[in-house]
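The values are calculated or read from the model by the stated rules, or taken from the named source; none is laboratory data. A quick note: this is a predicted structure, and the numbers were derived from the prediction, not measured. Cβ atoms come from the backbone with ideal geometry, glycine included; neighbour counts cover every protein chain shown. Just the protein is used for accessible areas: all its heavy atoms, side chains included, with ligands, DNA and RNA removed. Shrake-Rupley method; radii C 1.70, N 1.55, O 1.52, S 1.80 Å.
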Amino acid sequence: MARIEFWGGVGVIGSSKVLIHDGGHRVLLDLGLDIPRGGDLFRSPAALPRGRELAARLRIAAAPAIPGLYDPAALEPADPLGEPAEPAAVFISHPHIDHVGLAGFLRADIPAYASPDAIALLRALDHSGETLPGPRDFSSAATSWRPVPAGAAVQVGPIVVERLDVDHDVPGASGYRVTTSDGVLVFTGDIRFHGHHPERSWAFADAVAGCDVLVTEGTTLSFDDHYPLRTEADVARDYAAALDSSPDLMLQACYARDLDRVRAFEAVAAAAGRTILWPGRAAAFLRAAGASPALSLADAGLAAVRAAPGRFVVQLDPADLPGLLDLPIGPASAMLHANGEPLGPFDPRWPLYTDWLAQCGLPLRTIGSSGHASADHLHEMLYRIRPAVVVPIHTLSPYRLHPVGGPARLVVEYARAYDFAGRPVPAA
């Protein structure tokens, strides 16, 4: 009998990990860093040196204790998790750290699959020095990422895994359709319907209609605040208006992995006669990703910025907030926050960030757009797919997803096994 276990995304935003067993084989959908409901115990200055991260996370239940998944070199000596178990394969939905951040700890013999665009982005991050922690070498031919084109399927024992494109705020976002001996499970990954490519997400919904189990992210269900839905056109419009209205230096917080938005901002800035200056590592990543010529502040030089501040936009490095003191901030300067880091009030770095902005007299203008489907779109997607069972994860409020017209909603427990009818079953 096939069974499903949920090793992440339960009661938290992020960290989705869906494990499917069938016929002596396993498929794991996503393997990211766990996002705790409270503060991350491994945030700076408590970050561990490389080589000890996984073992420490497992000791405090901040990583999934899945047997036979990890490289024994990353575990404590004689940890039984390092012993071989059922054959497994891992499929990554997209290259955000809470969905891929533990992949570097995978055993060398476990294949890791993702979309070609996601793999290209991960390789650009490697090129810029932002490598995944763990002993696995993804540059090696034997252990490298395995690309799966859209619509292609991978056989894992009796399990068939098909990758489908969806839209999210990072290239290469994927959903998966997993066919087992007991039914079909569909996983949305992180998905939205108001971004640069909504047609991908709606096509995904139509393609997987009638599945037995739909596992969906529900990020926006977590929040009580309700605002008009903002699109990428709104973001670009507000960015352009802010640049046009100020003769002074402007600052921004744009998520560099959102390459579509980076390209849009580069075009808007150029039309306004400005050049975006990125932190060094972000600039190296964007150049490697082919998204932008990506000049850094060091490339342009502070002297040039001070001589003509109205010709530039500086992407603030959240790791170098005192660098604000070196910038020629004028009375019309502002910080344009477009989903960059730190991410918002729930980010532990946010209070210090906003303290620095206030000290420097920089107004904070939030101009971004969510990378996640609105509650309305989640319900429309659910109505179009009409699964037999829907499982909302990646949310603080799974009970806010209200199926209409037949689907049963299943709110799952961490690491508990369920069958394809949504019934708890004893773990094998």
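General remarks:
- When you count the other C-beta atoms within 10 angstrom of each residue and take the mean per peptide, 95-104, 300-309 line up highest first as 95-104, 300-309.
- Net length available on complete extension from Glu380 to Tyr414 is 9.5 nm, with 0.36 nm assigned per residue and the Cα-Cα distance removed.
- Our coupling estimate for region 415-423, obtained by passing each phi through the Karplus curve with A = 6.51, B = -1.76, C = 1.60 and θ = phi - 60°, is 6, 7, 8, 9, 8, 7, 9, x, 9 Hz, Gly and Pro reported as x.
- Mean-position separation - Cα centroids, region 347-383 and region 78-150, in angstrom: 29
- For region 230-306 versus region 384-428, the spacing of their alpha-carbon centroids is 41 Å.
- With θ taken as phi - 60° and the Karplus curve 6.51 cos²θ - 1.76 cosθ + 1.60 applied, the whole-hertz 3J(HN,Hα) list for region 67-77 is x, x, 9, 9, 5, x, 5, 8, 9, 5, x Hz, x standing for glycine and proline.
- Stretchable slack from Ala233 to Asp355, in nm (0.36 nm times residue separation minus alpha-carbon distance): 40.9 nm
- In the chain, helices alone account for a calculated mean residue ellipticity at 222 nm of -6500 deg cm²/dmol, with every DSSP H run of four or more residues adding -39,500 (n - 2.57).
- Solvent-accessible area per residue for the chain (1.4 angstrom probe, square angstrom): 41
- Here the accessible area of the chain is 56 percent carbon and sulfur, with a 1.4 angstrom probe and all protein chains present.
- Take the Cβ atoms of Ala142 and Ala332, set R0 to 51 Å, and the FRET efficiency comes out at 0.40.
- Net length gained if the chain between Ala270 and His226 were fully extended (0.36 nm per residue, minus Cα distance): 12.5 nm
- With a cut-off of 12 Å between beta carbons, the residues surrounding Pro293 carry a summed charge of 0, where Lys and Arg count +1 and Asp and Glu -1.
- Karplus-derived HN-Hα couplings along region 99-113 (A = 6.51, B = -1.76, C = 1.60, θ = phi - 60°), whole Hz, x at Gly and Pro: 10, 9, x, 9, 5, x, 9, 5, 4, 5, 8, 9, x, 10, 10
- Remark on Phe312: its backbone amide H falls under 5 Å from those of Met250, Thr275, a criterion applied only to residues 5 or more positions apart or on other chains, H modelled at 1.01 Å from N.
- Long-range amide H partners of Gly8 with built H, under 5 Å: Lys17, Ala415
- Environment charge of Asp326, counting only residues whose C-beta is closer than 13 Å and scoring Lys/Arg +1, Asp/Glu -1: -1
- Built amide H within the under 5 Å cut-off of Asp71, gap 5+: Leu106, Arg107
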